[in-house]
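The values are calculated or read from the model by the stated rules, or taken from the named source; none is laboratory data. Everything numeric here is computed off the predicted structure, so don't read it as measured data. Quick reminder, even Gly has a Cβ in these numbers, built from the backbone with ideal geometry, and neighbours come from all protein chains shown. When the accessible area is computed, the model is the full protein with side chains, heavy atoms only, and any ligands, DNA or RNA have been set aside. Shrake-Rupley method; radii C 1.70, N 1.55, O 1.52, S 1.80 Å.
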Amino acid sequence: MPSPSTPKPGNPINFCHRCGTNHPVSPYAQNTLCPSCNAAIELGDVSIHSATSRQIDTRGKLLIGATGSLSSSWIVCGSAHIQGRIVGVLRCEGEVHLSTGLACACQISAPSVFIEKNARAGFTLPVETGHLEVRGHLTGIVHCRGVVHVRRGGRLEAEVHARSVRVEKGG
(Lines give C-alpha, C1' and ligand atoms only; values in the text may rest on other atoms or scores of the structure.)
Protein backbone atom coordinates (compact mmCIF):
# COMPACT_ATOMS: atom_id res chain seq x y z
CA MET A 1 0.00 0.00 0.00
CA PRO A 2 1.45 3.42 -0.89
CA SER A 3 2.40 5.73 1.95
CA PRO A 4 0.14 8.77 2.53
CA SER A 5 2.84 11.06 1.07
CA THR A 6 2.96 9.13 -2.23
CA PRO A 7 0.20 10.05 -4.68
CA LYS A 8 -1.67 7.12 -6.22
CA PRO A 9 -1.59 6.82 -10.00
CA GLY A 10 -4.84 6.86 -11.93
CA ASN A 11 -7.98 8.87 -12.28
CA PRO A 12 -8.71 11.32 -9.42
CA ILE A 13 -12.46 11.13 -10.22
CA ASN A 14 -14.47 8.68 -8.13
CA PHE A 15 -17.87 7.24 -9.08
CA CYS A 16 -20.38 6.55 -6.31
CA HIS A 17 -22.37 3.39 -7.02
CA ARG A 18 -25.02 4.29 -4.42
CA CYS A 19 -26.19 7.61 -5.91
CA GLY A 20 -24.53 7.55 -9.37
CA THR A 21 -22.50 10.76 -9.06
CA ASN A 22 -18.85 11.48 -9.83
CA HIS A 23 -16.69 13.50 -7.49
CA PRO A 24 -12.99 14.44 -7.39
CA VAL A 25 -10.64 12.64 -5.01
CA SER A 26 -7.16 13.66 -3.93
CA PRO A 27 -4.43 11.36 -5.25
CA TYR A 28 -3.23 11.11 -1.62
CA ALA A 29 -6.59 9.87 -0.25
CA GLN A 30 -7.03 6.39 1.20
CA ASN A 31 -10.82 6.73 1.56
CA THR A 32 -13.50 9.27 0.75
CA LEU A 33 -17.09 10.24 1.43
CA CYS A 34 -19.49 10.88 -1.43
CA PRO A 35 -20.55 14.54 -1.16
CA SER A 36 -24.01 13.71 -2.56
CA CYS A 37 -25.11 10.76 -0.42
CA ASN A 38 -22.38 10.61 2.27
CA ALA A 39 -21.43 6.99 1.39
CA ALA A 40 -18.02 5.87 2.70
CA ILE A 41 -15.75 4.60 -0.09
CA GLU A 42 -12.37 2.93 0.45
CA LEU A 43 -9.71 3.54 -2.18
CA GLY A 44 -7.27 0.80 -1.13
CA ASP A 45 -7.25 -2.97 -1.42
CA VAL A 46 -9.38 -5.22 0.83
CA SER A 47 -8.35 -8.77 1.82
CA ILE A 48 -10.72 -11.27 3.43
CA HIS A 49 -9.20 -14.41 5.02
CA SER A 50 -11.94 -15.46 7.46
CA ALA A 51 -15.74 -15.45 7.61
CA THR A 52 -16.93 -11.85 7.22
CA SER A 53 -20.34 -10.28 6.83
CA ARG A 54 -19.99 -6.59 5.99
CA GLN A 55 -20.52 -4.16 3.16
CA ILE A 56 -17.52 -3.57 0.92
CA ASP A 57 -17.19 -0.43 -1.19
CA THR A 58 -13.65 -0.03 -2.51
CA ARG A 59 -12.07 1.09 -5.76
CA GLY A 60 -9.07 -1.12 -5.03
CA LYS A 61 -8.70 -4.88 -5.38
CA LEU A 62 -10.89 -7.27 -3.40
CA LEU A 63 -9.14 -10.52 -2.45
CA ILE A 64 -11.10 -13.33 -0.83
CA GLY A 65 -8.53 -15.93 0.22
CA ALA A 66 -9.07 -19.69 0.14
CA THR A 67 -10.15 -19.68 3.80
CA GLY A 68 -12.17 -16.46 3.41
CA SER A 69 -15.93 -16.08 3.17
CA LEU A 70 -17.77 -12.84 2.39
CA SER A 71 -21.51 -12.39 2.76
CA SER A 72 -23.05 -9.04 1.84
CA SER A 73 -25.76 -7.52 -0.31
CA TRP A 74 -23.39 -4.61 -1.15
CA ILE A 75 -19.97 -5.51 -2.56
CA VAL A 76 -18.34 -2.99 -4.91
CA CYS A 77 -14.70 -3.16 -6.00
CA GLY A 78 -12.22 -2.09 -8.66
CA SER A 79 -11.15 -5.69 -9.36
CA ALA A 80 -11.59 -9.01 -7.57
CA HIS A 81 -9.80 -12.30 -7.05
CA ILE A 82 -12.03 -14.87 -5.37
CA GLN A 83 -10.51 -18.05 -3.97
CA GLY A 84 -13.01 -18.61 -1.15
CA ARG A 85 -16.78 -18.26 -0.73
CA ILE A 86 -18.88 -15.25 -1.71
CA VAL A 87 -22.58 -14.67 -1.04
CA GLY A 88 -24.52 -11.59 -2.13
CA VAL A 89 -24.23 -9.07 -4.95
CA LEU A 90 -20.83 -8.14 -6.43
CA ARG A 91 -20.42 -5.10 -8.70
CA CYS A 92 -16.91 -4.86 -10.09
CA GLU A 93 -15.49 -2.00 -12.19
CA GLY A 94 -12.75 -4.24 -13.66
CA GLU A 95 -11.86 -7.91 -13.90
CA VAL A 96 -13.14 -10.70 -11.66
CA HIS A 97 -10.89 -13.76 -11.37
CA LEU A 98 -12.50 -16.83 -9.79
CA SER A 99 -10.36 -19.72 -8.61
CA THR A 100 -12.78 -21.08 -6.03
CA GLY A 101 -14.01 -24.64 -5.76
CA LEU A 102 -17.13 -23.63 -3.82
CA ALA A 103 -20.73 -22.90 -4.75
CA CYS A 104 -21.35 -19.15 -4.91
CA ALA A 105 -24.76 -17.69 -4.07
CA CYS A 106 -23.65 -14.45 -5.66
CA GLN A 107 -24.80 -12.25 -8.51
CA ILE A 108 -21.76 -10.87 -10.34
CA SER A 109 -21.74 -7.83 -12.61
CA ALA A 110 -18.36 -6.98 -14.21
CA PRO A 111 -16.84 -6.03 -17.56
CA SER A 112 -14.72 -9.24 -17.59
CA VAL A 113 -14.96 -12.52 -15.68
CA PHE A 114 -12.26 -15.20 -15.74
CA ILE A 115 -12.81 -18.72 -14.39
CA GLU A 116 -9.28 -19.90 -13.64
CA LYS A 117 -7.87 -23.37 -14.34
CA ASN A 118 -8.85 -25.94 -11.66
CA ALA A 119 -11.72 -23.73 -10.43
CA ARG A 120 -15.16 -25.26 -9.94
CA ALA A 121 -17.45 -22.26 -9.63
CA GLY A 122 -21.15 -22.92 -9.28
CA PHE A 123 -23.52 -19.93 -9.35
CA THR A 124 -27.12 -19.90 -8.19
CA LEU A 125 -27.58 -16.28 -9.37
CA PRO A 126 -26.73 -14.82 -12.82
CA VAL A 127 -23.27 -13.71 -13.90
CA GLU A 128 -23.55 -10.52 -15.99
CA THR A 129 -20.46 -9.56 -17.97
CA GLY A 130 -19.09 -8.16 -21.20
CA HIS A 131 -16.51 -10.97 -21.60
CA LEU A 132 -16.30 -14.42 -20.02
CA GLU A 133 -13.30 -16.72 -20.24
CA VAL A 134 -13.59 -20.25 -18.84
CA ARG A 135 -10.46 -22.31 -18.12
CA GLY A 136 -12.00 -24.23 -15.20
CA HIS A 137 -15.57 -25.42 -14.58
CA LEU A 138 -18.56 -23.05 -14.41
CA THR A 139 -22.20 -23.90 -13.73
CA GLY A 140 -25.09 -21.46 -13.52
CA ILE A 141 -26.64 -18.69 -15.63
CA VAL A 142 -24.52 -16.36 -17.78
CA HIS A 143 -25.59 -13.12 -19.48
CA CYS A 144 -22.70 -11.89 -21.66
CA ARG A 145 -22.85 -8.79 -23.86
CA GLY A 146 -19.78 -9.97 -25.78
CA VAL A 147 -17.90 -13.24 -26.22
CA VAL A 148 -17.95 -16.33 -24.02
CA HIS A 149 -14.65 -18.13 -24.59
CA VAL A 150 -14.27 -21.72 -23.33
CA ARG A 151 -10.54 -22.49 -23.34
CA ARG A 152 -8.89 -25.89 -23.60
CA GLY A 153 -9.69 -27.82 -20.43
CA GLY A 154 -12.59 -25.48 -19.61
CA ARG A 155 -16.10 -26.71 -18.97
CA LEU A 156 -19.27 -24.62 -19.12
CA GLU A 157 -22.54 -26.10 -17.90
CA ALA A 158 -24.80 -23.09 -17.93
CA GLU A 159 -27.76 -21.34 -19.44
CA VAL A 160 -25.84 -18.91 -21.68
CA HIS A 161 -27.14 -15.70 -23.23
CA ALA A 162 -24.30 -14.22 -25.29
CA ARG A 163 -23.47 -12.48 -28.54
CA SER A 164 -21.13 -15.38 -29.42
CA VAL A 165 -19.59 -18.48 -27.87
CA ARG A 166 -16.15 -19.77 -28.84
CA VAL A 167 -15.01 -23.22 -27.76
CA GLU A 168 -11.37 -24.24 -28.24
CA LYS A 169 -10.53 -27.83 -29.08
CA GLY A 170 -10.54 -29.74 -25.81
CA GLY A 171 -12.91 -27.24 -24.20
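In the chain, with Lys and Arg counted as +1 and Asp and Glu as -1 at Cβ, which of these residues, F123, G171, S47, has the Cα nearest the positive end of the dipole, that is, farthest along it?
Among F123, G171, S47, the one farthest towards the positive end of the dipole of the chain is G171.
Using every pair of alpha-carbon atoms in the chain, split the distances into 5 Å bins beginning at 0 and state the percent of pairs per bin, rounded to integers.
For the chain, the binned pair fractions read 2, 9, 17, 21, 17, 14, 11, 7, 3, 1, 0 percent.
Ranked highest first by the average count of other Cβ atoms within 10 Å around their residues, in what order do 133-144, 36-47 fall?
Packing proxy ranking, top to bottom: 133-144, 36-47.
Can you give the convex hull volume of the alpha carbon atoms of region 111-161 per residue, in Å³?
Roughly 55 Å³ of hull volume per residue.
Assigning unit charges at the beta carbon (Lys, Arg +1; Asp, Glu -1) and nothing else, what dipole magnitude in debye, to the nearest 20, does region 42-142 show about its Cα centre?
Its charge dipole is roughly 260 debye.
Could you compute the FRET efficiency for N38 and A105, with r as their C-beta to C-beta distance and R0 at 25 Å, rounded to 0.05?
For N38 and A105, the calculated efficiency is 0.25.
In debye to the nearest 20, how big a dipole does the chain give about its Cα centre with +1 on each Lys and Arg Cβ and -1 on each Asp and Glu Cβ?
360
Please list the non-local residues whose amide H lies under 5 Å from the amide H of C104, H modeled 1.01 Å from N, same-chain partners needing a gap of 5 or more.
The answer is G122, F123, T124.
Once you have the Cα-Cα distance between H17 and E93, take 0.36 nm times their residue separation minus that, and quote the gain in nm to one decimal.
Here the answer is 26.3 nm.
Calculate what fraction, in whole %, of the accessible area of region 95-159 sits on carbon and sulfur atoms when a 1.4 Å probe is rolled over the protein chains.
48
Any chance you could run the full-extension gain for K169 through S71? It's 0.36 nm times the residue separation minus the Cα-Cα distance, nm to one decimal.
Between K169 and S71, full extension yields 31.6 nm more.
Amide H neighbours of N31 under 5 Å, counting only residues 5+ apart in sequence or on other chains, H built in-plane at 1.01 Å?
L43
Just by accessible area at a 1.4 angstrom probe, what is the order of L102, L132 from largest to smallest?
Largest accessible area first, the residues go L102, L132.
Roughly what would the spin-label model give for R152 and N118, points 7 Å off Cα along C-beta, in nm?
1.9
So, for the chain, what is the accessible surface per residue at a probe of 1.4 Å, expressed in square angstrom?
That works out to 51 Å² per residue.
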